[in-house]
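Remarks on the structure that follows.
The values are calculated or read from the model by the stated rules, or taken from the named source; none is laboratory data. Note that this is a predicted model, so its numbers are computed, not measured. Here the Cβ positions follow ideal geometry from the backbone for every residue, glycine too, while neighbour counts run over all protein chains shown. Protein only, heavy atoms only, side chains kept; ligands, DNA and RNA dropped before computing areas. Shrake-Rupley method; radii C 1.70, N 1.55, O 1.52, S 1.80 Å.
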Amino acid sequence: MRQYKALINNELVDNGQWLEIMNPATLEIAGKVSALTPDDINKAFSVARSSQEQWEQVELLKRISILKRFRDLIDQNKEEIAQIMSEEIAKNLKESLAEVERTVEIIDYTFEEAKRIEPMALTGEGMGAKNKLGVFSRVAKGVILAISPFNYPFNLAFAKIIPALVMGNTVVFKPATAGSLVGAYMSELVIKAELPKGIFNIITGRGREIGDIITSNPEIDMISFTGSVGIGNQIRKNGSTTDLVLELGGKDPALVLDDLNLDKYCDEIINGAFGYSGQRCTAVKRVLVNNEIADKLVPLLKNKIESLSVGMPKDNAFITPVIDEKSADFIQSLIDDAKQKGANIVTGDKREKNLMWPTLIDNVSLDMKVAWEEPFGPILPIIRIDTIDEMVKIANDSQFGLQASIFCQDISKAILTAKRIKTGTVNINSRPQRGPDSFPFLGIKDSGEGVQGIRESLLSMTRYMGLVINY
Ligand code: NAP
Ligand code: G3P
């Protein structure tokens with residue numbers, strides 16, 4: 001039985017309390033992690049505070065060389081980490097390993113980008129001032145709380161943790177319950193890497209039980225959160241005096257404006273909609289297309305969807321069980337609602353416990369829940385719309401504004417349409433995606449607040465410190 005402990009001040013927590021983590025594929029216990037108490041949590045923040053100043057005083061290149069020891073241990077243990085991840089979130093082994101390898105690349109890129117966070121020098125004249133030389137550097141904010149979601153338990157954790165640490169902050173990290181085995185597995189690597197005591201603390205426990213205790217801790221200088229809108233709003237309330245970066249839900253539309261490359265459009269839409277069984281914030285969660293093109297697109301999508309492998313993560317199936325029964329029930333409820341309101345189930349609508357077959361729903365109307373809600377599952381709704389103006393309106397009427405895709409060979413038409421879409425990013429002729437991680441990644445409206453991405457994270461976890469020399 002896998003059993004990993006939380007980490008506070010470089011010591012494994014031994015409070016005798018455990019949280020069992022289920023394997024969504026086998027519905028058996030995948031392992032257990034420490035279940036922390038409020039006192040444990042307060043201690044984590046206290047040591048993060050007391051170790052921060054000394055850590056920030058370590059020069060940047062020295063911080064990088066210390067953190068590189070940790071990075072090397074991740075790389076050396078990447079297969080084990082991928083195996084653990086696959087067991088606890090039912091991500092297939094190939095994608096799990098790819099996530100760990102992508103994270104090592106993010107860490108390396110972050111180390112290099114941190115060296116480019118240069119001070120800004122300004123001469124000051126005008127507005128009543130003169131003979132001033134200002135030098136503005138970026139310095140650590142202090143104690144950063146990093147909270148990650150279940151679907152990228154490694155990538156979306158270290159995309160926060162590493163920029164924070166490399167810039168001299170200290171970190172309290174809360175992994176998702178489903179993702180905590182991978183999260184707490186890091187405890188032993190932190191000790192092996194001999195990171196300075198207290199700079200990186202890993203706290204585990206069920207969010208609904210300890211979440212408010214965590215986010216209302218007075219030692220927090222910044223919260224970097226990725227997860228659902230509901231929890232994001234709860235954090236806004238609790239952490240109201242704290243700097244926040246929130247990466248939340250999405251309902252990314254794919255607008256298909258011509259039929260000049262339907263085969264490629266289908267591949268992009270299918271990978272976008274069904275990658276990791278649709279459990280991605282940037283998944284394609286609705287297709288907006290006119291009738292004429294839809295009549296050609298839907299049969300193509302059907303054939304390709306029906307060739308996707310459905311099964312278990314250990315067999316590298318493309319579609320694997322969703323994270324838990326509650327999610328599967330919610331996803332099924334959206335399919336049932338669409339059926340009851342007259343949608344056409346082209347393929348799918350088949351379920352075995354948490355395993356849900358990829359479902360293509362045509363003739364989705366705007367009164368159906370699946371037109372607006374985030375399934376976070378393997379569903380692709382087709383909404384047939386006559387004009388581009390109407391497509392843009394429906395795209396923008398969503399509460400979400402994460403990303404969008406436009407499929408069109410006329411690049412001018414694609415760009416002019418993209419400029420009208422109210423999202424953080426619009427992808428032309430590709431599925432929505434956060435990568436490459438060096439790109440700014442942001443959501444507007446209910447999809448988030450602030451910006452992630454390697455350079456943006458380095459900046460959001462630091463503040464200006466100005467030195468003005470008068471002569
Ligand atoms: P979630 O249920 O909101 O949980 C996210 C994290 O918040 C988990 O670590 C969770 O811990 C923790 N949490 C729960 N209650 C909390 C509280 N009261 N205070 C503080 N933290 C609390 O989201 P999820 O199910 O893991 O991920 C799915 C959602 O995240 C979807 O909406 C998806 O769109 C969004 N997401 C967005 C992005 C993006 O980059 N925009 C990326 C991935 C996912 P527990 O697991 O212990 O509850
Ligand atoms: O839901 C996770 C979000 O960050 C998507 O990442 O790289 O699959 O687009 P990606």
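For segment 268-299, a residue qualifies if it is within 16 Å of ligand 2 (Cβ to nearest atom) and part of a helix (DSSP H, G or I), and the qualifying residues are Glu268, Ile269, Ile270, Asn271, Gly272, Ala273, Phe274, Gly275, Tyr276, Ser277, Gly278. A count restricted to segment 301-343 and to residues that are touching a strand residue (DSSP E or B) at 6+ places or on another chain (Cβ under 8 Å) and part of a helix (DSSP H, G or I) stands at 10. Of the residues screened, Ala395 is not one that is in contact with an Asp or Glu (Cβ under 7 Å, 6 or more places away or on another chain), modelled with pLDDT of 95 or more and crowded, with 20+ Cβ neighbours inside 10 Å.
Looking at segment 253-269, is at least one residue farther than 22 Å from Pro440 by Cβ, of a type in the set (S, T, N, Q) and either within 14 Å of ligand 1 (Cβ to nearest atom) or not assigned by TED's automatic domain parsing to the domain that holds Met312 (or both)? Scanning segment 253-269 turns up no residue that is farther than 22 Å from Pro440 by Cβ, of a type in the set (S, T, N, Q) and either within 14 Å of ligand 1 (Cβ to nearest atom) or not assigned by TED's automatic domain parsing to the domain that holds Met312 (or both). Among the conditions (1) assigned to a strand (DSSP E or B); (2) within 16 Å of ligand 2 (Cβ to nearest atom); (3) over 26 Å from Thr37 (Cα atoms), Leu255 misses just one, which is (2).
The strands (runs of 3 or more DSSP E) located wholly in segment 112-185 that include 3 or more residues which are within 16 Å of ligand 1 (Cβ to nearest atom) and open to solvent by less than 10 Å² (accessible area, probe 1.4 Å) occupy 143-147, 170-174. Applying the set (1) under 19 Å from the mean Cα position of the chain (by Cα); (2) within 16 Å of ligand 2 (Cβ to nearest atom); (3) touching a residue at least 60 places away in the same chain (Cβ under 8 Å) to Pro175 leaves exactly one unmet item: (3). Taken as a whole, the condition of being open to solvent by less than 50 Å² (accessible area, probe 1.4 Å), more than 26 Å from Ile220 (Cα to Cα) and within 15 Å of ligand 2 (Cβ to nearest atom) does not apply to Glu95. Counting only strands (runs of 3 or more DSSP E) that fall entirely inside segment 188-250 and contain at least 1 residues that are near ligand 1 (Cβ under 8 Å from one of its atoms) and touching a residue at least 24 places away in the same chain (Cβ under 8 Å), the qualifying elements are 222-226, 243-247. Tell me yes or no: at least one residue of segment 388-409 is among the small types (Gly, Ala, Ser), free of Cβ contacts under 8 Å to residues at least 60 places away in the same chain, away from ligand 1 (no atom under 16 Å from the Cβ) and outside the structural domain of Ala90 (by TED's automatic domain parsing). No, segment 388-409 contains no residue that is among the small types (Gly, Ala, Ser), free of Cβ contacts under 8 Å to residues at least 60 places away in the same chain, away from ligand 1 (no atom under 16 Å from the Cβ) and outside the structural domain of Ala90 (by TED's automatic domain parsing).
Scanning segment 347-392 for residues being hydrophobic (A, V, I, L, M, F, W, C) and open to solvent by 30 Å² or more (accessible area, probe 1.4 Å) gives a total of 5. Tell me whether segment 441-448 contains one or more residues that are among the hydroxyl-bearing types (Ser, Thr, Tyr), more than 16 Å from ligand 1 (Cβ to nearest atom) and either in contact with a helix residue (DSSP H, G or I) (Cβ under 9 Å, 6 or more places away or on another chain) or touching a residue at least 24 places away in the same chain (Cβ under 8 Å) (or both). Checked segment 441-448: no residue is among the hydroxyl-bearing types (Ser, Thr, Tyr), more than 16 Å from ligand 1 (Cβ to nearest atom) and either in contact with a helix residue (DSSP H, G or I) (Cβ under 9 Å, 6 or more places away or on another chain) or touching a residue at least 24 places away in the same chain (Cβ under 8 Å) (or both). Please verify whether segment 304-314 includes one or more residues that are closer than 24 Å to Trp372 by Cα, open to solvent by less than 10 Å² (accessible area, probe 1.4 Å) and assigned by TED's automatic domain parsing to the domain that holds Tyr265. Yes - at least one qualifying residue is present in segment 304-314. The residues listed here are Ser65, Ser34; of these, the one that is modelled with pLDDT of 95 or more and open to solvent by less than 30 Å² (accessible area, probe 1.4 Å) is Ser34. Looking at segment 422-431, can you tell me whether even one residue there is in contact with a strand residue (DSSP E or B) (Cβ under 6 Å, 6 or more places away or on another chain) and over 28 Å from Asn155 (Cα atoms)? No, segment 422-431 contains no residue that is in contact with a strand residue (DSSP E or B) (Cβ under 6 Å, 6 or more places away or on another chain) and over 28 Å from Asn155 (Cα atoms).
Please tell me if Lys296 is of a type in the set (Lys, Arg), under 17 Å from Thr347 (Cβ atoms) and touching a residue at least 40 places away in the same chain (Cβ under 8 Å). So Lys296 does not fit the description; no.
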